[in-house]
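Note sheet for the following structure.
The values are calculated or read from the model by the stated rules, or taken from the named source; none is laboratory data. Given the structure is predicted, the values throughout are model-derived calculations rather than measurements. All Cβ positions, glycine included, derive from the backbone under ideal geometry; neighbour counts span all protein chains shown.
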Amino acid sequence: MPWFYRPPPHLEVRTVKQGELHDRFAIPVEGSVYMLGSSLNSIAKRFGVATTLEESSSRLISDNYESIWRRGRAIPRQSLHASSPAPKDAVTLATVDEGTGA
């Protein structure tokens, strides 16, 4: 498999039922959550905004997404490449651990 199809060792991807999520957020381990105004597939193609949420809203979003993450179905690492289609009835969540790669 070419290097650009290999997921980084610290990436984990899960899916949840379509309709459970709509908005796009960047949720750091600590600090404010960013709400992204454009779809991730068009982020470099069109003008978009990222809005920083206040502390109480950030905590609410983080807590809700943690619950959604725990319910999500893990996608095996060997399935994480460009030729594997995403399930049609699911949306994708991803996390990156920048620490030890665990």
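General observations
- Filtered residue count, segment 43-62, keeping only those that are within 24 Å of Val13 (Cβ to Cβ) and exposed (fewer than 10 other Cβ atoms within 10 Å of the Cβ): 2
- Annotation note: of Ser32, Ser67, Ser57, the sole residue that is at pLDDT 85 or above and not in a helix (DSSP H, G or I) is Ser32.
- For first residues located in segment 30-48 and closer than 20 Å to Glu66 by Cβ and of a type in the set (S, T, N, Q), partners that are surrounded by 11 or more Cβ atoms within 10 Å (Cβ to Cβ) and modelled with pLDDT under 75 and lie 6+ apart or on another chain with Cβ distances below 8 Å do not occur.
- Matching residues, segment 13-27, being part of a strand (DSSP E or B), under 13 Å from Arg73 (Cα atoms) and of a type outside the set (Lys, Arg): Val13, Thr15, Val16
- Ala82 vs. criteria exposed (fewer than 10 other Cβ atoms within 10 Å of the Cβ) and modelled with pLDDT under 70: yes
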